[in-house]
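The structure under discussion appears below in the form of structure tokens.
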């Protein structure tokens, strides 16, 4: 059927013309493509009694991509996630698009995955390494990874933004591989569009801000939404807290100012990402909150390792919705 993701559920060697690199692309709506991938995974979701829902940061976003490969990558990532899903928790897929990348995330999809398993593999999917990958990751995750590699993207493992939940998987595609992309509107999750107030119960946020008034305001906003907030005025103290906390007490999300004395937010986040790499800790979700709002400032924040860039003056509802997007 046109527009329907083709799903392979066993490890036999198929003839996949769409699992090879190609220049064939077309302009599609990202959100519609995600909805089609969810529909393709629904039969297995129904069998397991798990609901699947989508949260989009905007209702209509266009990208230029090989839509069949991306749709299949998302569908197989969902099929993998359904193996570990809990019946009482829906499987949530989110989308985000800005001037630097397109992101499709699947919450609670990273059970059984270790970061080293996701290293780029430019080799042929059906060579011996494929067999090793299938044994380690399973067929669905291996195929999803291969398709994301073909699209010049990255499949990333991230900590859950809610304490005790399994990690999440992100498909991140650089904007320069997606053709022309329209300007990104302010971030907002499906809950905020529906008029409900997003909740952050069970989410531990590390807040780093040198201005005491701004620190107090941000902490008040996040706690009012139900978050557990740890505040630090200096990056050095925040870094020490994060790196010495036990896994159970480590923050789920970092929110940091950029312009701070002694050490700016870019340096702080780069050090944090370096520590995660050395210790094999899963990358934490991170948001840069800054008065610098140019596209170049967004690019610098993302290059330093932040996942989102939120400009001042701060829209409190937007900050809460950005974090809720991951929970």
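Structure values in brief
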quantity: Cβ-based exposure ranking for 297, 213, 140, in which fewest neighbours within 10 Å come first; calculated: 213, 297, 140
quantity: Order of 312, 145 - criterion: other Cβ atoms within 10 Å of each residue's Cβ, fewest first; calculated: 312, 145
quantity: Rounded, prolate or oblate (a/c below 1.5 giving rounded, otherwise prolate when a/b exceeds b/c) for the range 271-327 by Cα gyration tensor; calculated: oblate
quantity: Ranked list, fewest to most other Cβ atoms within 10 Å of each Cβ, for 217, 139, 268, 242; calculated: 217, 139, 242, 268
quantity: Mean Cβ neighbour count within 10 Å, used as a protection proxy, ranking 246-253, 168-175 highest first; calculated: 168-175, 246-253
quantity: Residue 89 versus residue 245: modelled label distance in nm, points set 7 Å from Cα along the beta carbon direction; calculated: 1.8 nm
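Every number here is computed from the coordinates shown, using simple stated rules; none is lab data. This is a predicted model, so every value here is computed, not measured. Positions of Cβ are generated from backbone atoms using ideal geometry, with glycine treated the same way; all protein chains shown enter the neighbour counts.
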